[in-house]
Amino acid sequence: MKTIKAVIFDLDGTLLDTEALSDTAVILGFGKALPTDVKERLGGRLPWELKKQILGLRGSEWVPIVRKYGEEHWGVAEGEAPSLGEFWDSWESNLNDLCPNVKACPGAHELVQLLAKSNIPMAIATSSRKAAVDIKRQKHDLMFQHMKEIVTGDDPNVKNGKPAPDIFIEAARRLGYDPSECIVFEDSLSGVQSGKAAGCVAVAVPDPRMSKSVFEPIADTVLDDLLTFDGTPWGLSCNMKEHLRN
């Protein structure tokens, strides 16, 4: 296997457990266009058939999918939902209100600390915009202080969102390594595809509602959570199970 010299993390759903909050923010983004009975039925969570289509995408890519779904399945009148830009801004504003108390995903803090002890350079590559990242990170300084670079979805050097390779190529460049020397952690299929297209080793940590079989043909390994990661096959002194036993 390749010897890995740097690590790049996705943020939402990989390091921080923002996905449930994001669902609520999407539903609120429809405003008055979404019937009240539908809001009550959803209970703040998006149906999986919709969620799996938008994981890892930038707002400019997922908003049209959500708006179309609302029209086809939730009785949203055509043209009544906010425009792409309005919806995206509303979603981000709603999410920002919800995110100051966002929790870390299982194993996130422990894995980052273990990699830091081994002096492994780390970066974040996220489809979220910088302003949103600044809010999400507020209570996670112990984790973010180890990130040498944070590349966001609105970075001018990221022309195309995931599954295009741009964001991971840029993160690797800023870390000073070839993408083939980097390992990527991702919870979304589009993110894993992005990492592999960039030439990185890709570790999938999917939403438990998504079948691992979807990731297995693409990812180098598929985990239940970050607590089970073993980096020794790639030359990383990082075996989480062993570390947690000690």
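The values are calculated or read from the model by the stated rules, or taken from the named source; none is laboratory data. Just so it is clear, the structure is predicted and the values come from calculations on it, not from any experiment. Don't worry about glycine lacking a Cβ; one is built from the backbone with ideal geometry, like all the others, and counts go over all protein chains shown. To get the accessible areas, we keep the full protein, side chains included, count just its heavy atoms, and leave off ligands, DNA and RNA. Shrake-Rupley method; radii C 1.70, N 1.55, O 1.52, S 1.80 Å.
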Near pairs, Cβ below 8 angstrom, 6+ apart or cross-chain, from segment 123-147 (more than 25 Å from Glu61 (Cβ to Cβ)) to any residue that is surrounded by fewer than 13 Cβ atoms within 10 Å (Cβ to Cβ) = Gln138/Pro100; Lys139/Pro100; Lys139/Asn101
note = If we keep only residues of segment 6-16 that are of a type outside the set (Asp, Glu) and either at pLDDT below 95 or in a loop (DSSP other than H, G, I, E, B) (or both), then the residue surrounded by the most Cβ atoms within 10 Å (Cβ to Cβ) is Leu15
query = Somewhere in segment 123-133, is a residue farther than 19 Å from Cys182 by Cβ, among the β-branched types (Val, Ile, Thr) and surrounded by fewer than 20 Cβ atoms within 10 Å (Cβ to Cβ)?
reply = no
ask   = If you check Arg173 against the conditions, is it under 16 Å from the mean Cα position of the chain (by Cα), open to solvent by 20 Å² or more (accessible area, probe 1.4 Å) and charged (D, E, K, R)?
value = no
request  = Kindly list, by first and then second residue, each pair from a residue in segment 161-186 that is outside any helix (DSSP H, G or I) to a residue that is among the polar types (S, T, N, Q) and open to solvent by 60 Å² or more (accessible area, probe 1.4 Å), limited to pairs with Cβ atoms under 6 Å and residues at least 6 apart or on different chains.
outcome  = Pro163/Gln193
task = Return the total of residues in segment 104-122 being open to solvent by 10 Å² or more (accessible area, probe 1.4 Å), among the β-branched types (Val, Ile, Thr) and part of a helix (DSSP H, G or I).
result = 0
Residues satisfying the stated conditions in segment 56-70, i.e. out of contact with any Gly (no Cβ under 7 Å at 6 or more places or on another chain) and at pLDDT below 95 = Gly59, Ser60
note = Scanning segment 194-246 residue by residue, those among the small types (Gly, Ala, Ser) and open to solvent by less than 50 Å² (accessible area, probe 1.4 Å) turn out to be Ser194, Gly195, Ala198, Gly199, Ala202, Ala204, Ala219, Gly231
note = Selection from segment 17-46 of residues open to solvent by less than 60 Å² (accessible area, probe 1.4 Å), touching an Asp or Glu at 6+ places or on another chain (Cβ under 6 Å) and either part of a helix (DSSP H, G or I) or of a type in the set (D, E, K, R) (or both) yields Ala33
message = I'd like to verify a number: residues in segment 108-145 that are more than 15 Å from Phe185 (Cα to Cα) and β-branched (Val, Ile, Thr), how many?
response = 2
